1. When the Debye formula is applied to the Cα atoms of the protein assembly as shown, each taken as the same point scatterer, what base-10 log of I(q)/I(0) results at q = 0.05, 0.11 Å⁻¹?
2. Along segment C:60-70, what does the Karplus equation 6.51 cos²θ - 1.76 cosθ + 1.60 (θ = phi - 60°) give for ³J(HN,Hα), rounded to whole Hz, x for Gly and Pro?
3. Straight-line reach from residue A:133: which lysines have Cα under 26 Å away, leaving out those fewer than 8 places along the same chain?
4. Taking a label point 7 Å from Cα toward Cβ, how far is residue C:96 from its twins in the other copies, in nm, shortest first?
5. With axes computed from alpha carbons, what is the tilt in degrees of helix A:38-53 against the longest principal axis of chain A, rounded to the nearest 10 within 0 to 90?
6. Can you list residues whose amide H is under 5 Å from residue B:156's amide H, if they're 5+ apart or on another chain and H is modeled 1.01 Å from N?
7. Can you pull out the buried accessible area for chains A and B, both sides counted, probe 1.4 Å, rounded to the nearest 100 Å²?
8. Roughly what % of DSSP beta bridges within chain A run antiparallel, to the nearest 5?
Amino acid sequence: MSVNTIEKPPVAQAAAEAAKPVPEVTEKLVIFAWSGELDKLWPTLILATTGAAMGKETTVFFTFWGLFPLVKNQVRITGENWMQKMLSMMNRGGDEHLKLSKMNFAGAGPAMMKHLATEHHVASPHELMAMAKELGVHLIPCQMTMDLLGLKREDLIDGLDEPAGATKALADAQGAITLFI
Amino acid sequence: MSVNTIEKPPVAQAAAEAAKPVPEVTEKLVIFAWSGELDKLWPTLILATTGAAMGKETTVFFTFWGLFPLVKNQVRITGENWMQKMLSMMNRGGDEHLKLSKMNFAGAGPAMMKHLATEHHVASPHELMAMAKELGVHLIPCQMTMDLLGLKREDLIDGLDEPAGATKALADAQGAITLFI
Amino acid sequence: MSVNTIEKPPVAQAAAEAAKPVPEVTEKLVIFAWSGELDKLWPTLILATTGAAMGKETTVFFTFWGLFPLVKNQVRITGENWMQKMLSMMNRGGDEHLKLSKMNFAGAGPAMMKHLATEHHVASPHELMAMAKELGVHLIPCQMTMDLLGLKREDLIDGLDEPAGATKALADAQGAITLFI
């Protein structure tokens, strides 16, 4: 009996441990959006909104060229020195001024793609960006790229998360579906 | 004794739980094949066939430009309206008509690459595609892209899985090695 | 009593199993560095060094065009036959001769980027490569690509891991944050 009494706690503990539900793994999706082109932003936002709609904790970390689509459409030139200004001139920001990574044909390619998308009821990047915000997708601009390009917070669209760096992105990425687009 | 009898089930259960092997995690590899170029299709198929040969449940989700290499080599023009037809003319499908993403030199680049590959016994994309099918790699064409480009199932090679969307791809991707190529 | 004695081992075992700490999952980061361009090598090395500094077991598998930045800066032409030599001439190796994937402007783009980086205290790819080695990042050249391009071990910089293939890369990638850059 005394043995039993002594035995009990570990038994109970073992049973409790065994009964304890396996800690639920949060499903996560983290996209490193490095490219700024229309044909890359499209899958980025389609995957992000789909992932969020499936209940995944979803983050898009916008870095390097990927930051340009986050610039407000009405902002023409960004940057503080002539190099940064020149880069923004050559590569105008905003999700209404995106190019295709190939077959751009001075804008004819993107126009055709957008026309086909409308015809087939595929949401535009602009609509998908709004949808992403509504679904709670974390849209994080890369702080280092902002510094490098002289982009200020007020140059970028509203509804973004706080700018952050690679450490934050990699911390979020552990255990997630990770894509570099 | 009665205590023991009462005690037994949880003990047995706890022991059984503890003895239960940790649920085996299926190793998975999911590639989002977005690019349609020779130098991107090559690593896609080398990684997919290697992964499958290693016993990983392997899926390639072909989307956007990535769909063009799945078009039958003998099919010349695809699409239903002039925009879709023009896109297929500019970017001929089939795994024998692929370009390099750089140093294409009007076809000289791909020819050199293929020559070097043959010399070093590296399988061609065409051979790797056949090997992927034999190894049970799931080759899934993206339904949305097919609609957008006016691609019909009969335009595409045999041996593919049912066309599907981003939801299917992201569901497969949970817990997998995930690459966007 | 005898029942108890018989019972004990499983109980003890169950308790022991339950007490056993959950096997600590090693956090890992595996980057497939396929591109050889400055604007792709930069994020590759920033993410790799950040990941390693965060304590993640970090591996960069350099394949295809990604191998060129590993060529020693003083090596001009690599390869054994004219095709391999021509490829190395058109796409000079070394981390001081990298181009941008877009807006290269015959070298003006990379020069501007490097200038902005220096101004904002962002380490150069050359510095990041040294840092990666110090932090114990595994830098693995792809054996198959070396064969294909006729690259010899002595053409490549020091401090790299043994050349290996896709099997090694995919084995490392299981359970890791995986990015194809």
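1. The computed values of log10 I(q)/I(0) come out as -0.24, -0.99.
2. These are the phi-based 3J(HN,Hα) values: 10, 9, 8, 9, 6, 4, x, 7, 4, x, 7 Hz.
3. A:28, A:40, A:56, A:72, A:99, A:114, A:152, A:168, B:168
4. Label-point separations across copies, in nm and ascending: 4.7, 4.7.
5. Taking the Cα atoms of chain A, the angle to A:38-53 is about 30 degrees.
6. Here B:72 satisfy the definition.
7. 3200
8. 5
The values are calculated or read from the model by the stated rules, or taken from the named source; none is laboratory data. Keep in mind the model is a prediction, meaning the values are calculated, not measured. Heads up, the Cβs are rebuilt from the backbone with ideal geometry, glycines too, and the neighbour counts pull from every protein chain shown. Side chains are part of the model used for accessible areas, which takes the heavy atoms of the whole protein and leaves out ligands, DNA and RNA. Shrake-Rupley method; radii C 1.70, N 1.55, O 1.52, S 1.80 Å.
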